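Have a look at the structure below before the remarks.
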Amino acid sequence: MGVIIATFKTPDGNYVYDRETNSLLSVSDIEWISFRRIEGGFADESDWKLLKRYKNQGYLQESCLRKIEHPATSYMRHQLESNMLQLNLQIVQSCNLRCSYCTYGGGYEHQRTHTDKTMTMSTMKKAVDFLMSHSRNVEDVVLGFYGGEPLLKIDIIKACIEYVKTFYRGRSVNYTVTTNGTIFSDENIQFLQENNFIVSISLDGPKDLHDKNRVFADGRGSFDVIMTNLEYIKTRYPEFFSKISFLVTVSPGTDFSCTNDFFNASDIMSDNTIRQTIVNAFSSKEDVLYDDLYTVTYSYNHMKVLLAALGMYSKEKVSTLFTTILVDAERIYENLSKVKLTEKAHPSGPCLPGVMRPFVACDGSLYPCERVNEDSDVMKIGHVDSGFDIKKVDAILNIGKVTDVECKSCWNFMHCGLCVSSSDGGTLICKDLRLKNCEAMKNSTIDKMMNICLLLENGYDFERKTI
C-alpha cells in the first residue's frame, strides 16, 4: 500500500501527518518539497533516501492496516444489552413552528413531515423499560424528550417522569428536553425545574435573522415570544435558567456577524452555553452553500480563539459560538501519537449505534439518534417490542466497509468524522454518498491540525492548556 501521508503548511512551518504512527512531523522547506512528491506518487531517488531516514526513526512505515472492522464489533451485542447511555423519545411529530431548514419541512430527499402522531402511554412505558433493561451497567442514564415540539405534550413527559419514579426509584436518571422556546408557563417551568431538566432552546440570533427561518405555522416570527419567555424565566427562575443551553443554526444567506454580535452583547444569555451548527446538507434537495461573508466572519473569530489561547487577545472578547475550536484542537492533540493504527481498524466516524444516544420514534421504532431519517430502512435498527436488529447495527457500526479500498488508503482514516447519515441511501448504505463527503472531512482535519501547529509554534502547552 505504501506510505500514507498528508502535507500542509502554516505561515511559520512545514508539516507532514504520518497516518501509520498518527504523528505530526515538523520538516524543513527542502524536506517538505520531497514529501509533497512522495504524497503525489512521483518521488525521485533523493526522496526515497529521505524516506528511508525517517523510516529508520520509526516513522513513515508501510501500512499495517489489512481489514476494516470496528473494534467494538465483537462485543457490540453486550454493549447493546447492558451499556445504553441515553434514550431520546419522540413525544410528538407535530410542532407549532415551521422552520425553513427543518428536516420535517420538505427540503430533503427522504421526507419527514409534521403529523399528528403522538407517542402513546404504552409505547412510552415500553421505551423507559427498554432503557432501564439495557443500561444495567450504567450508573447515570439520560432520558431525553424530543419532537416536533415536545412541550406540546407536557402531559406525556409528566407521565413518563412519574412512571420512572414509581418503578425505577433506585435508578439515577437525568432528563433533557429540546424545545423551540415558545411554550413556557409557570406550571411547566416549575415541573422542569423540580426534575432537574437540562433544557436546550433553539435561537438563531437577532430578530430579523431568527424570524427569517423560525416562524409559526401562520407565518409570524417567533423571536419576540422566545425573548419574552427568556427574560421572564431569568427573572423568576434564575437557577433553572442557568441550566438552559442555546443551539444556533446558521443558515445560508444570513449575516453570521450579526448573529455573533447578538450573542456577544446579550445580557440575558452571557453565562449560558451556546452551540452553533450549520444546516444539514445530507440528502438536501438543494445545495447548501455558504457565502464569502460567512467564511470571513468564521475565519476572523477563529483567529481570535487562537490568539486568546496564546494570551494575545482578551478571552472575554472571544465569541461563545467558537469555543469548540480550541476544544477540537486539544482533543486531536491528545490522541496524536497515543492512538496507533492496527492491522484491524475502522475509520473514526461512526458512534456506537443503539448505545450512545438512540432515538425512539412515536411508533416505538429505534434509530441510532434523532438526526437520522425515520423513513429510511437502513436507519431503523429495531423496535422497543422486538429489540435491536443486530445485523443493521453491525452494518452502521462498520460503515467503512462500503468504502473499504478508499478508506484503507486514506490519510484521514484516524480522524474521519463521517456519520452514517452521510451515506443513507434509504434502502442501503450508499458508497457514492459516503465518498462525496470525503474531501470536506479531510479539509476539516487539516484545519484542526493547522490550529494545533499554530498554537505549538507560539508556545502553547497542550498539557497545561496555557502558554
Give the order of Arg214, Arg136 when sorted by the count of other beta carbons within 10 angstrom, beginning with the fewest.
-> Arg136, Arg214
Top positive-direction residue, dipole computed over the chain with Cβ charges, set Leu307, Met449, Ser257 | Met449
About its Cα centre, how strong a charge dipole does the chain have in debye, to the nearest 20, once Lys and Arg get +1 and Asp and Glu get -1 at the Cβ?
-> 1100
Greater than 19 Å apart at Cα, pairs in Lys317/Lys448; Lys401/Lys431; Lys207/Lys243; Lys212/Lys304; Lys408/Lys431; Lys9/Lys448 | Lys317/Lys448; Lys207/Lys243; Lys212/Lys304
Under the Karplus relation with 6.51, -1.76 and 1.60 and θ = phi - 60°, whole-Hz ³J(HN,Hα) for region 415-423, x at Gly and Pro, equal 10, 5, x, 5, 7, 4, 4, 6, 10
Helical contribution to [θ] at 222 nm, DSSP H n ≥ 4, -39,500 (n - 2.57), averaged over the chain, rounded to 500 = -11000 deg cm²/dmol
Considering only region 1-147, what is the antiparallel percent among its DSSP beta bridges, to the nearest 5?
-> 70
Rounded, prolate or oblate (a/c below 1.5 giving rounded, otherwise prolate when a/b exceeds b/c) for region 316-414 by Cα gyration tensor = oblate
Along region 139-156, Karplus-curve 3J(HN,Hα) (6.51, -1.76, 1.60; θ = phi - 60°) to the nearest Hz, with x for Gly and Pro, reads 6, 10, 9, 10, 10, x, 10, 9, x, x, 10, x, 6, 5, 10, 4, 5, 5
Hey, quick one: spin label on Asp261, modelled 7 Å out along Cα-Cβ, who in region 205-228 has an amide N within reach, i.e. under 18 Å?
-> 205-212
Short version: what are the Cα gyration tensor semi-axes of the chain, square root of 5 times each eigenvalue, largest first, in whole Å?
-> 41, 29, 21
Place +1 on the Cβ of every Lys and Arg and -1 on the Cβ of every Asp and Glu in the chain, take the dipole about the Cα centre, and give the residue among Phe216, Ser200, Tyr54 whose Cα lies farthest towards its positive end.
-> Tyr54
Got a sec? How would Ile381, Ile30 order by Cβ neighbour count within 10 Å, fewest to most?
-> Ile30, Ile381
Answer with one residue from Leu435, Ser185, Leu65: the one whose Cα lies farthest towards the positive end of the charge dipole of the chain, charges on Cβ with Lys, Arg +1 and Asp, Glu -1.
-> Leu65
Given charges at beta-carbon only (K, R positive; D, E negative), |dipole| of region 5-63 in Debye | 80
Relative contact order of the chain (C-alpha contacts under 8 Å, at least 6 apart) in percent is 19
Determine the sum of side-chain charges near Thr466: Lys and Arg each +1, Asp and Glu each -1, restricted to other residues whose C-beta is under 12 angstrom from that of Thr466.
-> 0
Please get the size of the charge dipole for region 371-421, origin at its Cα centre, with Cβ charges of +1 on Lys and Arg and -1 on Asp and Glu, quoted in debye to the nearest 20.
-> 200
Can you list the residues, at least 5 places off or on another chain, whose amide H is less than 5 Å from the amide H of Cys95, using H built in the peptide plane?
-> Glu149
Give me D for region 5-63 in µm² s⁻¹, whole number, from Stokes-Einstein with Rh from the Kirkwood sum over alpha-carbon pairs, 25 °C and 0.890 mPa s.
-> 214
When a footprinting reagent is the concern and you count Cβ atoms within 10 Å, what order do Glu457, Glu239 take, fewest first?
-> Glu239, Glu457
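Bear in mind that the values in this text are calculations on the coordinates, not laboratory data. On a predicted model such as this, the values are computed, not experimentally measured, just so you know. Positions of Cβ are generated from backbone atoms using ideal geometry, with glycine treated the same way; all protein chains shown enter the neighbour counts.
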